[in-house]
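As structure tokens, the structure follows; a few thoughts come after it.
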Amino acid sequence: MEVVTTITNVEFGKMINAAADALKSNAEKINKLNVFPVPDGDTGTNMTLSMASGAEYERNEVNTHIGELAKATAKGLLMGARGNSGVILSQIFRGFAAKIADKENLSARDLADALMGGAETAYKAVMKPTEGTILTVIREAAAAANRTAKKTDDATQVMADALEAAEKALASTPDLLPVLKEVGVVDSGGQGLVIVLSAFYAVLSGQEVKTELDNANLDAMVLSLHNAGVQGELNPDDIKYGYCTEIMVDIAKGTTYTQKFDYDTFYDHLAKLGDSLLVINDDDVVKVHVHTEDPGNVINWGTQFGSLRKVKVDNMRNQQAEAATVAAEQKAQNGDDAKATKSAPEVAVITTAAGEGIKEIFASTGATVVIDSSQQAPSTQDLLKAVTDSHASSAIILPNDGNIVMAAEQAVELADVPVKVVKTKTIQQGLTALVLGYDQMKSLDDNVSAMGSVLADVKSGSVTTSVRSTTINGLAIQAGDAIGLLDGEIVVAVPDANVNQAAAELLGKMTDEDSELVTIYYGQDATVADAEALQQVGESLDDELEFEIHDGGQPLYPILISVE
């Protein structure tokens, strides 16, 4: 084992990218640790995509200062965070980065402090921390690193002991969470973290780890912010700040340098000059994007802090006028009469959905932006983009999946407008909240209160096929069995993939004397005939029940049931 007393930016970059690569290689293995034997276990996928985003930001960071590299990694993880596991991983790296913000290189002591900072921040980020999860793993790893750093200056040994402790903590997770012990698996998020720490150790101990990740481009952030600032301003005369201005300044360089750079001072002055402001800096360079009426003032302000490396100014009114002319010509060619532009809502509703039919239902019942979640959980950045695209003064996010709630809450902290989350954990809850609780004429707070209050009125049922054998909640389940979940808990298991039988049994458990309306959404692997057969079962249980049937088109779950 190589002795490493100083971790440089080179080793740090290798560690981050090796972790991203290792997660990518093991994503499917982590997915299969999902407690419930349903086919949508995606912890590995979510952690992989989150870490890949962190690695992209790290590679794109021009500064070689480890504090800045760690900060960039944490930022990338946050923006790319998907699912609860991805969000918690982002918080671990947020705390990690905060502890070493002033470090150019890392000692063994610094590495241990960073891991402890990661554990502290992760625990604080979770309202009700649960032991037997990724939190336990990072806490034990950090504690071991701290003990070792008191005895040696070898960072490799610190990492080795942290990894050993993490592996022991992972092995203990079934003893801490009964549901894990019942099905005979370790915590999937904890397993993902062990893989990250294993990659760190591999790099420090001299093992070669191949990285196969694509680079990202910071300019995409600028372009996204620019588009958000001008989209919807169809009339050039309506643009308040007409010049898109970008500058890049080499800090403390050149003959015009008169002021020591302070981020808050620099930012606050620019904020008074316009909107759509983006200021990104490291110790050497600051990059600015702003929409303003006075580009000269922006440029003059920048030159006080250093030498201009790049200046770009575009007249957005001229651009918009040209775009409007082109659009009018195209409409004339297509014979398409101009239509009045729909104004943005005061309170937008951002929702996630899987299945074309489900997405159409959300859109038709008032959702402003519908994010497709059929392939993967949306990231924090996806949710932020949806808020921006809504052009609303405020927004409500309906996650419709318990694994998206934490990413939504992170988006709340990063958004430029007031955003709140109604913690819907199923598609059925999301539709109920939207249909019964949302009123576009009401305020953000009133809508959140109303939408949250109706969630208790709906029961959510889903039918799918087990992907592995296990025993859970007293049910012996074999791979290939049809299983029914009531509000996320498996309550029905039927052999031989008999989805219709499982749906019938599930409906029986969902209805009672207070039930009034049953809505059935049939997915890609079911037909309207299956839904109609289920309706007949329901009518035999209670002839006063009302039924609605919709083609949801959702993957993985042939039948979704809502009972109100």
Inset, instruction - Could you work out how far apart the two model spin labels at Q207 and D457 are, taking each label as a point 7 Å from the Cα in the direction of the beta carbon, and quote it in nm? - result: 5.6 nm
Inset, instruction - Among T156, T6, Q375, pick out the residue whose Cα is farthest towards the positive end of the charge dipole of the chain, where Lys and Arg carry +1 and Asp and Glu carry -1 on C-beta, about the Cα centre. - result: T6
Legend entry - Residue order, fewest to most surrounding Cβ atoms within 10 angstrom, among H269, H289, H550: H269, H550, H289
Inset, instruction - Consider a paramagnetic label point 7 Å from the Cα of E346 along Cα→Cβ; state which residues of the range 409-424 have an amide N under 15 Å from it. - result: 418
Inset, instruction - Specify the inter-centroid distance of the range 153-181 and the range 489-541, based on alpha-carbon positions, in whole Å. - result: 43 Å
Inset, instruction - Compute the distance in nm between two label points, each set 7 Å from the Cα along the Cα-to-Cβ direction, one at A321 and one at R109. - result: 6.5 nm
Legend entry - Under the Karplus curve 6.51 cos²θ - 1.76 cosθ + 1.60, θ = phi - 60°, whole-Hz ³J(HN,Hα) for the range 109-124, x wherever Gly or Pro sits: 5, 5, 4, 5, 4, 5, 5, 5, x, x, 5, 4, 5, 5, 5, 5
Inset, instruction - Measure off 7 Å from each Cα along the Cα-to-Cβ vector at K310 and D250, then give the distance between these two points in nanometres to one decimal. - result: 1.5 nm
Inset, instruction - Might you report the magnitude of the Cβ-based charge dipole of the chain about its Cα centre, with Lys and Arg at +1 and Asp and Glu at -1, to the nearest 20 debye? - result: 2140 debye
Inset, instruction - Report the local net charge at P39: Lys and Arg +1, Asp and Glu -1, summed over other residues whose C-beta lies under 14 Å from its C-beta. - result: -3
Legend entry - Interchain or long-range residues, amide H under 5 Å from T465's placed H: I483
Legend entry - Among beta bridges that DSSP assigns inside the chain, antiparallel share in %, nearest 5: 75 percent
Inset, instruction - Can you put L506, L517, L560 in order of Cβ neighbours within 10 angstrom, beginning with the fewest? - result: L517, L506, L560
Inset, instruction - State the three equivalent ellipsoid semi-axes of the range 121-175, derived from the C-alpha gyration tensor as the square roots of 5 times its eigenvalues, in descending order and whole Å. - result: 23, 13, 7
Inset, instruction - Report, in whole Å, the centroid distance computed from the Cα atoms of the range 79-133 and the range 347-425. - result: 26 Å
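Arrange L115, L541, L33, L384 by Cβ neighbour counts within 10 Å, fewest through most, would you?
L541, L33, L384, L115
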Inset, instruction - Can you bin the chain into rounded, prolate or oblate? Criterion: square roots of the alpha carbon gyration tensor eigenvalues sorted a ≥ b ≥ c, rounded for a/c under 1.5, prolate for a/b above b/c, oblate for the rest. - result: oblate
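For a 19 Å ceiling on Cα separation, which of these pairs sit above it: K128/K385; K425/K459; K420/K442?
Listed pairs above 19 Å: K128/K385.
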Inset, instruction - Enumerate the calculated ³J(HN,Hα) couplings along the range 133-139 in order (Karplus 6.51 cos²θ - 1.76 cosθ + 1.60, θ = phi - 60°), each rounded to whole Hz, writing x wherever the residue is Gly or Pro. - result: 10, 4, 5, 4, 5, 5, 5
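All of the numbers you see were taken from the coordinates with simple rules; none came from a lab. Just so we're clear, the structure is a prediction, and the values are computed from it rather than from any experiment. Note that each Cβ is placed from the backbone with ideal geometry, even for glycine, and that neighbours are counted across all protein chains shown.
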